[in-house]
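This report concerns only the one structure given below.
The values are calculated or read from the model by the stated rules, or taken from the named source; none is laboratory data. Predicted model only: the values in this text are computed from it and were never measured. All Cβ positions, even for glycine, are placed from backbone atoms using ideal geometry, and neighbour counts span all protein chains on display.
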Amino acid sequence: MRTIRIFILFSGNGSNLENLYTTLEGKEVVGKSGERAKIEFVGALCNNPEAYGINRCHELGLPCITLPHQEYPTREEYDIALLKALFLYEPDYIALCGFMRILTPRFINAYKCINIHPSFLPYHKGTNGIKDSFEDKEANFGGVSVHYVSEELDGGEIILQEKLSKAPFRDLQAFENAIHQLEYKLYPQALQKVIEENL
Ligand code: GAR
């Protein structure tokens, strides 16, 4: 049976990394043609040596590379190092799990890259999607979007997304917790959908 190889990029806490791994590692999927394949997480890479997610990788037994971006003067040079680091893993997909770096076209064009963003895109792009949507008086919702990575920040084609009404949440923390729960539901669904559609 064919193996679909996933490589994860992350920068911080790594809760989506852990959730993707525990939900999908070893799972069998069936494509439209009837072809079967098994999902395998082949490794992870983090640009931040202090990230808690590195501990999660160790506990999961997922090989993790640390590649601090400060050591590279330009995005282009960092992405070349990234491509070299990933090459031997031969990934079919790159899943971004809170990877807080803009990727250059050189990287994006080399792999199918998928990202999760904690808002109902195209609303509330950027690094503070949860806070921005919670504080936006014009919107009574936040949400979660899983999308392909394109050259436009948080702008690629949507794979799956869901709105979350702000009404039940009295504070940002409660809203944020609910957004993360929605992420843990949506990201594995979206990744599996993409794999099955392309099998
Ligand atoms: C997640 O909420 C993810 O959606 C967000 O970073 C968090 C990472 O949490 N990503 C972005 O904002 C991308 N623009 P985690 O490290 O616990 O998975």
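Laid out as a table, the results:
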read-out: Residue within the range 95-102 that is assigned to a strand (DSSP E or B) and in contact with a Ser or Thr (Cβ under 7 Å, 6 or more places away or on another chain) present; value: no
read-out: Criterion: surrounded by 15 or more Cβ atoms within 10 Å (Cβ to Cβ), in a loop (DSSP other than H, G, I, E, B) and either at pLDDT 95 or above or basic (K, R) (or both) - qualifying residue of A190, A139, A178; value: A139
read-out: All positions within the range 142-157 that are under 17 Å from G98 (Cβ atoms), touching a helix residue (DSSP H, G or I) at 6+ places or on another chain (Cβ under 6 Å) and part of a loop (DSSP other than H, G, I, E, B); value: V149
read-out: Residue check for E50: within 16 Å of the ligand (Cβ to nearest atom) and surrounded by fewer than 16 Cβ atoms within 10 Å (Cβ to Cβ); value: yes
read-out: Test: residue in the range 58-71 that is more than 18 Å from I4 (Cα to Cα) and within 14 Å of the ligand (Cβ to nearest atom); value: yes
read-out: Among residues of the range 103-118, those that are away from the ligand (no atom under 11 Å from the Cβ) and in a strand (DSSP E or B), counted; value: 3
read-out: Positions within the range 80-102 being modelled with pLDDT of 95 or more and within 16 Å of the ligand (Cβ to nearest atom), in sequence order; value: I94, A95, L96, C97, G98, F99
read-out: Contacts under 6 angstrom Cβ, first residue in the range 119-141 being away from the ligand (no atom under 13 Å from the Cβ), partner among the basic types (K, R) and not in a loop (DSSP other than H, G, I, E, B), 6 or more apart; value: F141/K163
read-out: Selection from the range 142-167 of residues that are away from the ligand (no atom under 14 Å from the Cβ) and without any contact (Cβ under 8 Å) to a residue 12 or more places away in the chain; value: E157
read-out: Test set (1) more than 10 Å from the ligand (Cβ to nearest atom); (2) touching a strand residue (DSSP E or B) at 6+ places or on another chain (Cβ under 7 Å); (3) within 25 Å of Y52 (Cα to Cα); (4) not polar (S, T, N, Q) - P188 fails condition number; value: (2)
read-out: Some residue of the range 119-136 being over 16 Å from K163 (Cβ atoms) and surrounded by 18 or more Cβ atoms within 10 Å (Cβ to Cβ); value: no
